[in-house]
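Remarks on the structure that follows.
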Amino acid sequence: MKAIINVKMYDYETYIEDGFCIFEEEIIEVGYMKDFSGFEGEIIDGKNKILLPGLINFHTHIYSTLVRGASIPFDPKSFRDILEQLWWKFDSKLDNDATFNSAIIYGLESLKNGVTSLIDHHASGIDILGSLEQLKKAIVDTLGMRGVFCFETSDRFDVDACITENLTGIKYNSTDARGIFGLHASMSLSEETLAKVSEVIETTPIHVHVAESKEDEDDSLKNYNMTVVERYTKHNLLNTDSILAHCVHINEDEAKIISEKKAVIALNPTSNMNNAVGAFNIDIFRNNGIQILIGNDGLGTNIAKEWTYLLFAGKAGIKDANGIGFDEMINYIKNSYDYFGRMMGIKIGKVQKGYVADFVLINYLNPTEMDENNAFGHVFFGLFDNFKPSHVFIKGKELIKDYKSIFDEEKAYKNAHIASKALWSRLGDA
């Protein structure tokens with residue numbers, strides 16, 4: 001049993017200026033320091049720090065870790081060029097060794113950015129079968145994080161193997177690891193493939209790129225005479241809690257379908273800007289009551305930054321400086337924890353008794369008055385811009401202590417370096 005004392009605590013609902021938190025795998029007691037007494041166990045002094053729930057990355061590509069620094073000829077003129085010249089070339093050469101080592105590094109760097117849970121969208125052309133187990137082995141079994149995994153089914157790969165791997169991942173059914181059904185994007189999926197998936201998916205949610213670029217919608221309209229969302233609906237794939245990533249170019253009718261199907265949208269603002277695919281229209285999402293999550297599409301590990309960019313890019317997209325307020329942002333964050341808790345079967349995202357002890361300690365000396373009315377403003381402008389926790393806990397276990405992980409990082413990075421050399425060699429043969 002541990003206790004964090006003399007600490008500010010904030011969970012986007014409740015703020016305590018000087019409090020304590022007693023926990024094991026779950027939070028046992030939370031209160032004010034004036035009521036703290038008689039504790040037997042490890043005590044961590046949280047003076048000049050704030051305790052926050054750990055962050056969740058709702059859409060990422062862990063394998064992107066090993067592309068860092070690679071020299072790949074790249075001169076894209078369209079979004080499809082970006083895929084064909086870089087990402088499809090890269091993921092086609094991934095094997096299970098590269099997958100595992102990329103996940104170890106991505107997980108370590110996520111932890112250092114206060115991210116305690118990941119929802120990954122994986123692709124690996126050499127080893128499809130067994131790839132999700134490598135992700136789980138690295139993220140969940142080795143690093144102690146929580147993860148949701150899937151393989152992005154695509155006609156670029158052996159479709160039957162993709163389906164088999166997704167069905168294997170769906171068997172993960174713990175509070176640490178879950179599987180959903182992965183699909184890449186409409187423009188890489190034939191009618192035959194979608195029909196095959198529809199036959200086996202039952203009520204499992206899907207995780208899929210939707211209208212990330214206008215090309216995805218144009219392809220669907222040209223080849224199938226319907227929009228991307230209509231196409232997935234035709235094949236009965238939009239189950240409750242399905243994650244539709246991006247949705248930059250969906251229209252009002254598609255948004256209504258997403259809402260009716262109780263699917264969710266994972267926005268990735270930094271990636272959208274980097275790929276120059278356009279800006280999402282947040283009015284379409286909120287006017288139809290669609291739940292919004294946040295991801296980064298594998299572009300780094302700083303999810304706090306993505307929440308800030310959701311606000312900034314969201315305002316820019318509708319050209320309204322007053323278009324998104326803090327109350328709305330708080331609701332998005334709180335609802336995202338509810339979504340993940342529902343998926344994993346846990347209570348997460350609050351610093352309250354009975355919730356899992358997945359949280360972070362981060363240094364913060366507030367230069368102005370901080371209270372329950374303005375705590376989010378302090379977190380948003382004072383912490384999210386440079387979110388570097390000194391301590392990170394998952395299920396009560398301290399994985400980051402004084403900014404250092406409990407793992408052998410030197411060995412992990414050495415192994416990743418070896419795996420990347422082999423991968424880059426295969427890329428040279430492409």
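Throughout, read-outs are computed from the coordinates displayed, never taken from laboratory work. As the structure is a computational prediction, the values presented were derived from the model and not from experiment. A quick note on method: Cβ atoms are made from the backbone with ideal geometry, for glycine too, and the neighbour counts reach across all protein chains shown.
Tabulated results
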| item | result |
| --- | --- |
| Beta bridges per DSSP with both ends in region 172-317, % antiparallel, nearest 5 | 5 percent |
| Out-of-range pairs (alpha-carbon distance over 25 Å; input Lys77/Lys414; Lys305/Lys404; Lys34/Lys112; Lys137/Lys350) | Lys77/Lys414; Lys34/Lys112; Lys137/Lys350 |
| Extreme residue, positive dipole direction of region 231-307, given options Ile257, Gly295, His235 (C-beta unit charges) | His235 |
| Sequence-distant residues sharing a close amide H with Ser190 (under 5 Å, placed H) | Asp155 |
| Theoretical ellipticity at 222 nm over the chain - DSSP helices of four or more residues, -39500 (n - 2.57) apiece, nearest 500 | -11000 deg cm²/dmol |
| Those chymotrypsin sites (Phe, Trp or Tyr not before Pro) in region 27-113 that DSSP places in a loop and that have at most 16 other beta carbons within 10 Å | Phe39, Phe74 |
| Under the Karplus curve 6.51 cos²θ - 1.76 cosθ + 1.60, θ = phi - 60°, whole-Hz ³J(HN,Hα) for region 244-254, x wherever Gly or Pro sits | 9, 7, 5, 6, 5, 10, 6, 9, 4, 5, 5 |
| Lys, Arg +1 and Asp, Glu -1 on Cβ, resulting dipole of region 60-343 about Cα centre, debye, nearest 20 | 700 debye |
| Sparse-neighbour loop sites [trypsin sites (Lys or Arg not before Pro); region 299-341; at most 16 other C-beta within 10 Å; DSSP] | Lys319 |
| Partner aspartates and glutamates for Lys353 [C-alpha distance under 15 Å; skip if fewer than 8 residues away on the same chain] | Asp11, Glu13, Glu24, Glu25, Glu26, Glu29 |
| Trypsin sites (Lys or Arg not before Pro) within region 61-141: DSSP coil, no more than 14 neighbouring Cβ in 10 Å | Arg68, Lys77 |
| Principal axis dimensions, the chain - Cα atoms, whole angstrom, descending | 67, 48, 40 |
| Sites Glu328 and Asn251 - FRET efficiency at Förster radius 25 Å, r taken between beta-carbons, to 0.05 | 0.65 |
| Proximal charge balance of Lys261 [Cβ under 11 Å; K/R count +1, D/E count -1] | -1 |
| Helix 326-344 vs. the chain, principal-axis angle (Cα, 0 to 90°, nearest 10) | 70 degrees |
| Proximal charge balance of Gly349 [Cβ under 10 Å; K/R count +1, D/E count -1] | -1 |
| For the chain, share of DSSP beta bridges that run antiparallel, in % to the nearest 5 | 45 percent |
| Nearby aspartates and glutamates by direct alpha-carbon distance to Lys401 (threshold 16 angstrom, same-chain neighbours under 8 apart not counted) | Glu42, Asp45, Glu109, Asp358, Glu409 |
| Net charge of neighbours whose Cβ lies under 15 Å from the Cβ of Glu215, counting Lys and Arg as +1 and Asp and Glu as -1 | -2 |
| Inter-label distance, nm, simple model (7 Å from Cα along the C-beta direction), Ala70/Ala161 | 1.7 nm |
| For region 200-323, size of Cβ-based charge dipole, Lys and Arg +1, Asp and Glu -1, in debye | 260 debye |
| Per-pair calculated FRET efficiency, R0 = 60 Å: Leu365 and Asp141 via Cβ, rounded to 0.05 | 0.95 |
| Out-of-range pairs (alpha-carbon distance over 19 Å; input Lys136/Lys261; Lys93/Lys421; Lys196/Lys234; Lys2/Lys49; Lys136/Lys421; Lys2/Lys397) | Lys136/Lys261; Lys136/Lys421 |
| Charge dipole of the chain about the Cα centre (unit charges at C-beta), most positive-ward option of Gly179, Ile318, Gln85 | Gln85 |
